[in-house]
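Chemist: Can you keep this structure in mind? I'll have questions shortly.
The values are calculated or read from the model by the stated rules, or taken from the named source; none is laboratory data. Small disclaimer: the values here were computed from a predicted structure and weren't measured. Please note: Cβ atoms are built from the backbone with ideal geometry, for glycine as well, and neighbour counts cover all protein chains shown.
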Amino acid sequence: MSTMIDVKRLPLIVATGCILALSGLSVRAESNRVTFPENFDKYVLYATYDRGSSKEEAFATPETLEIAKSGKPLPPGTQIVLGIWTNYELSSYFVMHKGEGWGLDFDEERRTGDWQFQQFDTAMQVMASSNPSRCQSCHSSQRSNDFMFTIDRMRAYLP
């Protein structure tokens, strides 16, 4: 199998490469390591945010909630799930997943600690249309709370 190069676009490709090289920019493919929790049936609902016909439900494992209550940082491997309801129907899930060194997958100004984000459909499959960088940009404002908006609700959770 041969690869054909569109010769009309070759000058543009070469020019782009030269500009990047001269400017000192690096091109790096970003990964997304987030998976949907296999043990989601063991997660507990610790917070609900109602917004009329829409709402969000926050889920974590009992162990994650205990660690949060202790004031210790949540360890690598932690997954937090947000169920998104639209017009009174579950429409998707967002998963916030922490992994050892995962922050290094992103440039420093976009890093949210070692957390990565992904949207899943109701069948728990990655949504191709999702844009995890939106989650990153919003959660970056919560640096002092380990990049989480719900840490206070986790600490206040009573079974």
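Chemist: What is the residue count in the stretch 85-119 for residues that are in contact with a helix residue (DSSP H, G or I) (Cβ under 8 Å, 6 or more places away or on another chain) and at pLDDT below 90?
Modeler: Counting residues in the stretch 85-119 that are in contact with a helix residue (DSSP H, G or I) (Cβ under 8 Å, 6 or more places away or on another chain) and at pLDDT below 90 gives 9.
Chemist: Next up: Scan the stretch 54-78 for residues that are free of Cβ contacts under 8 Å to residues at least 60 places away in the same chain, in contact with a helix residue (DSSP H, G or I) (Cβ under 8 Å, 6 or more places away or on another chain) and part of a strand (DSSP E or B) and jot them down.
Modeler: Correct list: 59 only.
Chemist: Need the failing condition index for residue 122 against (1) modelled with pLDDT of 90 or more; (2) within 14 Å of residue 147 (Cβ to Cβ), just the number.
Modeler: (2)
Chemist: Taking the residues in the stretch 34-81 that are farther than 20 Å from residue 100 by Cβ and basic (Lys, Arg) as candidates, determine which candidate is nearest to the chain's Cα centre (by Cα).
Modeler: 55
Chemist: Next question, about the same structure. Can you tell me how many residues in the stretch 67-100 are closer than 16 Å to residue 44 by Cα and of a type in the set (Gly, Ala, Ser)?
Modeler: 2
Chemist: For the stretch 125-155, give me each residue that is exposed (fewer than 13 other Cβ atoms within 10 Å of the Cβ) and at pLDDT 90 or above.
Modeler: Across the stretch 125-155, the qualifying residues are 125, 152.
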